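Below: one structure, written as structure tokens.
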Amino acid sequence: MIREIYALSALLLGMSALMIGNGLFGTLTALRMSMEAFDPTVIGVVVSCHMIGFVLGCLYGQRVISRVGAIRCLTAFAALMSICALLLPLHVTPYTWVPIRLGFGFSSAMVFMVAESWLVGSASPMNKGRVFSVYMVVNKGCFAFGQLQLQLAEPAGDRRFMLLGILFAACLLPIALARHEAPNNFGDDRMSIRDLYRASPVGVFGAIATGLASSAIVGLSPVFALGIGLDVAEVSAFMIFFMFDRRLVLAAVASAAGAASIAIAAIGSAAKISE
């Protein structure tokens with residue numbers, strides 16, 4: 001597995017820069033909209049446009065990849081993410097941010113499709129899960145680190161957006177200079193939503209529910225945190241807590257539920273004895 005990780009190190013390094021920018025992007029744009037006194041409903045619409053664009057990228061991106069190739073897609077849409085980030089502070093209104101967020105969501109879906117397909121396609125059958133787990137550790141770690149970049153300058157200025165443009169452009173450098181090429185079978189296999197539902201209906205509903213919850217949390221939590229009086233540094237720390245290991249969260253919830261059950265049983269027994 002170590003050799004496979006080494007062979008994919010350029011891709012992982014490039015995606016690290018992109019994920020730092022991605023972590024900064026969502027929180028920064030939410031804070032900027034709050035500071036510009038956007039209506040909460042409008043903020044929700046703008047955040048939703050990102051997710052709509054992402055879904056459209058997942059649905060139709062395979063056709064683009066099949067037509068022009070994986071590496072060209074990754075390069076073009078990472079560059080488009082950089083352009084979108086630099087366009088945002090030029091004219092901060094809902095009318096301009098809605099199409100930009102749609103384009104950014106579509107572009108990010110394309111980049112992730114290529115990168116993650118590259119990872120899975122390059123790994124051996126025995127190590128696919130391990131390689132992808134390393135990628136997810138890098139993904140979540142860099143996403144959390146991106147939140148800390150908020151503390152370098154005020155969201156009301158343009159410097160954080162300039163940093164976003166640099167990060168999204170920088171992700172292309174190690175990938176473009178990598179010695180190992182991407183697999184040649186991108187876009188060969190397709191599965192419709194109907195077939196996916198037939199294969200795993202619980203998985204489809206679980207993914208939809210998780211996506212709805214996580215998109216709301218990641219997109220609107222900065223607005224909530226700023227609204228209750230947290231400063232920018234505290235908002236960035238607040239967002240990092242969402243990156244905790246899910247197993248720890250499940251263990252904590254299960255422990256709390258067990259402790260509550262024991263307390264309820266003890267209280268019930270004490271009530272019967274007193275009677």
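The values are calculated or read from the model by the stated rules, or taken from the named source; none is laboratory data. Bear in mind that the values here come from a model prediction, so they are computed numbers and not experimental data. Cβ: placed from backbone, ideal geometry, glycine included. Neighbour counts: every protein chain shown.
Key figures for this structure:
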{"item": "Number of positions in the stretch 216-242 that are surrounded by fewer than 19 Cβ atoms within 10 Å (Cβ to Cβ) and in contact with a Phe, Trp or Tyr (Cβ under 8 Å, 6 or more places away or on another chain)", "result": "3"}
{"item": "Of all residues in the stretch 122-177 being more than 21 Å from the chain's Cα centre (by Cα) and of a type in the set (Gly, Ala, Ser), the one that is nearest to Ile71 (Cα to Cα)", "result": "Ala176"}
{"item": "Residue that is out of contact with any strand residue (DSSP E or B) (no Cβ under 9 Å at 6 or more places or on another chain), crowded, with 18+ Cβ neighbours inside 10 Å, touching a residue at least 40 places away in the same chain (Cβ under 8 Å) and part of a helix (DSSP H, G or I), where the choices are Ser66, Ser34", "result": "Ser34"}
{"item": "Subset tally (residues that are part of a loop (DSSP other than H, G, I, E, B), closer than 22 Å to Gly21 by Cα and not aliphatic (A, V, I, L, M)) for the stretch 121-161", "result": "4"}
{"item": "Residue among Val138, Val120 that is touching a Lys or Arg at 6+ places or on another chain (Cβ under 9 Å) and surrounded by fewer than 17 Cβ atoms within 10 Å (Cβ to Cβ)", "result": "Val120"}
{"item": "Filter result for Ile175 (β-branched (Val, Ile, Thr), surrounded by 20 or more Cβ atoms within 10 Å (Cβ to Cβ) and touching a residue at least 40 places away in the same chain (Cβ under 8 Å))", "result": "yes"}
{"item": "The listed residue being modelled with pLDDT of 90 or more and assigned to a helix (DSSP H, G or I), out of Val55, Val98", "result": "Val98"}
